[in-house]
Amino acid sequence: MEIREFDEYHISYYAMRNSSLVARIVLLSGGVGVGWINFISESVSLPANHQHVNRGLILNFPESKFGDIVDILRYEEPLYVSLNVDNGVGALQTDREPIGEEESD
């Protein structure tokens, strides 16, 4: 299992023809890319999650999950991206939190 903590992100939402890539969120730790979350048009099958040659983790979600993922990025910390390289299961995840903990602004 590969796990990367990250502390910054940037979003690109694309307007282009003939591409199934709708948006991408780059995940950074200390200014270095550690992962990418791609949002893929729901008219095509999702590509497999995988580890890039530079060791960054690439996760693919349907475009309908974009708002959910952005909410997690905005309101949760610390955050991690993970990938089981044996079966391709990836996740955006938080650390443990107490039940009933309210988020602070």
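Throughout, read-outs are computed from the coordinates displayed, never taken from laboratory work. Fair warning: this is a prediction, and the values are worked out from it, not measured in the lab. Cβ placement follows ideal geometry from the backbone for every residue including glycine, while neighbour counts extend to all protein chains displayed.
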Restricting to the stretch 48-69, count the residues that are exposed (fewer than 13 other Cβ atoms within 10 Å of the Cβ), more than 16 Å from GLU2 (Cα to Cα) and of a type outside the set (Gly, Ala, Ser). 1
Scanning the stretch 45-92 for residues that are free of Cβ contacts under 8 Å to residues at least 60 places away in the same chain, part of a strand (DSSP E or B) and not aliphatic (A, V, I, L, M) gives HIS50, GLN51, ASN60, PHE61, PRO62, GLY90
